1. Helix-derived [θ] at 222 nm for the chain: sum -39500 (n - 2.57) over DSSP H runs of at least 4, divide by residue count, nearest 500?
2. In percent, how large is the relative contact order of segment 65-228, given Cα pairs closer than 8 Å and 6 or more residues apart?
3. Could you give the length gained by full extension between Met92 and Phe48, i.e. 0.36 nm per residue of separation minus their alpha carbon distance, to one decimal place?
4. Where the only charges are on Cβ atoms (+1 Lys, Arg; -1 Asp, Glu), what is the dipole of segment 123-239 about its Cα centre, to the nearest 20 debye?
5. Using a 1.4 angstrom probe and counting only protein chains, how large is the accessible area of Val123 in Å², to 10?
6. Grab the Cα-Cα distance for Phe118 and Ala8, subtract it from 0.36 nm times how many residues apart they are, and report the gain in nm with one decimal.
7. Enumerate by residue number the trypsin sites (Lys or Arg not before Pro) in segment 31-121 meeting two conditions: DSSP loop (anything except H, G, I, E, B), and at most 15 other Cβ atoms within 10 Å of the site's Cβ.
8. Under a plain spin-label model, where a point goes 7 Å from the Cα along Cα-to-Cβ, how far apart in nm are Tyr111 and Asp174?
Amino acid sequence: MKHKISKANMVIGTLILVFSIFCILPMLLTFMVSITEEESIRQFGYRFIPNKISFYAYQLIFHQDSSVMRAYAVTIITTAVGTTLAATITFMAAYLVHNKEVRYRNHMALYFFITMIFSAGIVPWYLMCRALGLTDSFFALIIPSLLFSPFNMFLVRNYMNAIPDSLRESARVDGAGDLIILFQIYAPLCTSVIATIVFFYGLSYWNNWFSAVMLIDNPRMYPLQYILMRLQSQMNMVVEMQRTYGRTL
């Protein structure tokens, strides 16, 4: 049987196609500019079809001792390890405040909630990190951000509240401990919310440059976002200097 396509589906499909093209075009333009010779960019500006092709930018980035590639490695390791640990801690803490068998679980939830409202500030955070020796290492990029987000913890806790308590009670009758209940029963049922907090933590670690500013002095330990931030700052400074001296002259 031939399926007829309604006019509404055709309109929706066309709009999605046009929107997808508009999303792809900036990425395509960025790639084409990256393989365009610098002098050609100065003369003709940005073009989808380069006049002169040059791979010098990629040779500069991917050479053996490239700071960009080293920063990529630091960021990937930090994101992978930090996201795994933070998501695991968040999941376990959510189960703690969800489990009705735990005494004072509401008090613990209130303790976590207070940290969402009040903060000690940057100075105590910095002094504690320095006192613990969290400088110029992967620990400096992972541990200070490892303290899980209470928002993510409450998100997982609320999702767990929809799971019937009879599952936990039945497993308890069969002799299962909390770890078995958590990772063999709750974890498969919470895959969607776990994926959500993994995305949140992964994005946070990938975009984290503040820890590098405060705790990293070794250039070989700079993450990618910190290097990009420095490049952007330098470019902004050059543009500002050109404007200032241009007006003076």
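1. It comes out at -22000 deg cm²/dmol, rounded to the nearest 500.
2. For segment 65-228, the relative contact order is 45 percent.
3. 10.8 nm
4. Using only the charged Cβ atoms, the result is roughly 300 debye.
5. Its heavy atoms expose roughly 100 Å² to the probe.
6. 34.5 nm
7. Arg47, Lys52, Lys100, Arg103
8. About 3.2 nm, to one decimal.
The values are calculated or read from the model by the stated rules, or taken from the named source; none is laboratory data. Fair warning: this is a prediction, and the values are worked out from it, not measured in the lab. Please note: Cβ atoms are built from the backbone with ideal geometry, for glycine as well, and neighbour counts cover all protein chains shown. Heads up: the accessible areas ignore ligands, DNA and RNA and are worked out on the full protein's heavy atoms, side chains in. Shrake-Rupley method; radii C 1.70, N 1.55, O 1.52, S 1.80 Å.
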